[in-house]
Amino acid sequence: MTRRVVVTGLGAVSPIGQDMPTTWEQLLAGESGVAPITSYDASAFKVKVAAEVKDFVPPAGIDAKALKHMDRNSQFGVAAALEALADAGLSIKEEERERVGVIFGSGGGGMATTFRWYEAFRQRGPRRVSPFAMSNFIADAASGHIAIQTGALGPNYSPTSACATGTNAVGDGFSTIKLGRADAVIVGGSEAVVLPFLHACFEMMGVLAPETEPPAAACRPFDLRRKGFVPGEGGCALILEELGRAEARGAEIYAEVLGFGSSNDAHDMVASDASARGLRNALWQALREAGVSGDRVGYVNTHGTATQLNDRVETRAIKEIFGPHAQEMLVSSIKAATGHMMSASGALECAVVALALKRGLIPPTLNYETYDPDCDIDCVPNEAREVQLEAAVSTSVGLGGHNAAVLLRRWNGA
């Protein structure tokens, strides 16, 4: 008998809200977290804006001793995970701890911790490095901390596929439950990349949106005049559960996960393959596993970085997979509001798809003004749209050619 997987809890820390309800409300309202950088002196950079999580306060549920050494990246992840568990009404009982997993990704792990202790080593020598440094900068630090804070003893690891990481974590959690290796999995991703060295890397790559006035107008996915993304930070977690388990405890269900696809362009470490072959393959895999025809999918929440190439490639992949139906679909990007939250982006976008299916509301693509014939899709410009959907997809693309897609269906109790 096929094990079915549903979403029962959501949690988020984002530049537009330090919980999921606020983040969702701000998305629908068209608010943006893009603003001048406040966490460090950005005067030496051409671009001086980012989407920061301002005035972040870790939740009281985090163990104080662990928090003392926990990198900001892990703090975002643990905060999102604890909120998602509470939202799901899920307490992990002693007898079921081994059936609850954590698959929570990060592309860079605790980079602020890395930079901090490397500088201490460089200036003052090896004896000035903290014994807690390594365990808090490794890429899987957040997944480890989440397991410790929640008591989950099941499968635990951190997928790393750059900006596709969060989506791959959701897909891996779905597969883990479907295969019977766990009954519930805390999935998602976190990232804390608003840091001077990474700012320099992005700027030298030429991928950052130039500053605008107001700053919130800098990122403009699918717009003809788009020129790049804005770095963001935060974390997002989803609780995935086996359907029977969720129903037995009377859990509220947001959506059902039906299919997952993962692929690589095998083309370039930075630029997507203009043929869209890789993303097309991931979408096809998700549809095939779901057993859903393309005309039943009404919405795609895209990676939508607002780089010229990415948005063209995503548009091409969608049109080639969905055919004429692509002209009837809604296709939006939330990155103009949240910035590019890297490994957290895919997880948050999956959560947004689950909410869109449950609430019948599609968040808009902000800052859209000028039509691009290469992006001839309905990108839900500037204002949220009310529509009832049967199924929807979240897509992600990452440095290294990574592609991932998750397909969800509206939960109707059957």
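Counting C-alpha atoms alone, how compact is the range 1-145: give Rg to one decimal and Dmax as a whole number, in angstrom.
18.2, 61
In whole Å, what are the Cα extents of the range 303-342 along the three principal axes, biggest one first?
31, 19, 14
Which loop-located trypsin sites (Lys or Arg not before Pro) does the range 19-59 contain, where loop means any DSSP state but H, G, I, E or B and the Cβ has at most 10 other Cβ atoms within 10 Å?
When the trypsin sites (Lys or Arg not before Pro) of the range 19-59 are filtered for loop state and at most 10 Cβ neighbours within 10 Å, 46 remain.
Taking a probe of 1.4 Å, how large is the accessible area per residue of the range 49-100, in Å²?
49
Compute the projected area of the convex hull of the Cα atoms of the range 1-77, averaged over all viewing directions, and report it in nm² to one decimal place.
8.8
By its C-alpha gyration tensor, with a ≥ b ≥ c as the square roots of the eigenvalues, how is the range 80-177 shaped: rounded for a/c under 1.5, else prolate for a/b larger than b/c, else oblate?
Prolate.
Over the Cα atoms of the range 186-344, each weighted equally, I'd like the Debye log10 I(q)/I(0) at q = 0.09, 0.14, 0.18 Å⁻¹, rounded to two decimals.
-0.37, -0.86, -1.27
Over all directions, what mean area does the Cα convex hull of the chain project, stated in square nanometres?
19.1
Please report, in cubic angstrom per residue, the volume enclosed by the convex hull of the alpha-carbon atoms of the range 253-352.
111
Leaving out ligands, DNA and RNA, what percent of the accessible area of the range 271-380 is carbon and sulfur, probe 1.4 Å?
Accessible surface attributable to carbon and sulfur in the range 271-380 totals 47 percent.
Between the range 244-321 and the range 142-204, how many Å separate their Cα centres?
18
For a test of the definition: using alpha carbon positions, the gyration tensor, and the 1.5 limit on a/c, classify the range 269-414 as rounded, prolate or oblate.
In terms of gyration-tensor shape, rounded.
How many percent of the accessible area of the range 55-115 is carbon or sulfur, using a 1.4 Å probe?
Heavy-atom surface of the range 55-115 belonging to carbon and sulfur, 1.4 Å probe: 52 percent.
Over all directions, how big on average is the projection of the convex hull of the alpha-carbon atoms in the range 72-124, in square nanometres?
5.3
Compute the label zone of residue 293 within the range 311-336: residues whose backbone N is under 19 Å from the point 7 Å along Cα-to-Cβ.
It comes to 319-330, nothing else.
May I ask you to derive the FRET efficiency for residue 384 and residue 249 from their Cβ-Cβ distance with R0 = 41 Å, giving the value to the nearest 0.05?
E(calc), rounded to 0.05, equals 0.80.
Classify the range 131-203 as rounded, prolate or oblate from the Cα gyration tensor: take a ≥ b ≥ c as the square roots of its eigenvalues, call it rounded if a/c is under 1.5, otherwise prolate when a/b beats b/c and oblate if not.
oblate
Do any chymotrypsin sites (Phe, Trp or Tyr not before Pro) in the range 288-388 lie in a loop, going by DSSP, with at most 14 other beta-carbon atoms within 10 Å of their beta carbon, and if so which?
371
The values are calculated or read from the model by the stated rules, or taken from the named source; none is laboratory data. Keep in mind that what you see is a predicted model, and the values were worked out from it rather than measured. Quick reminder, even Gly has a Cβ in these numbers, built from the backbone with ideal geometry, and neighbours come from all protein chains shown. Accessible surface areas use protein heavy atoms only, side chains included; no ligands, DNA or RNA. Shrake-Rupley method; radii C 1.70, N 1.55, O 1.52, S 1.80 Å.
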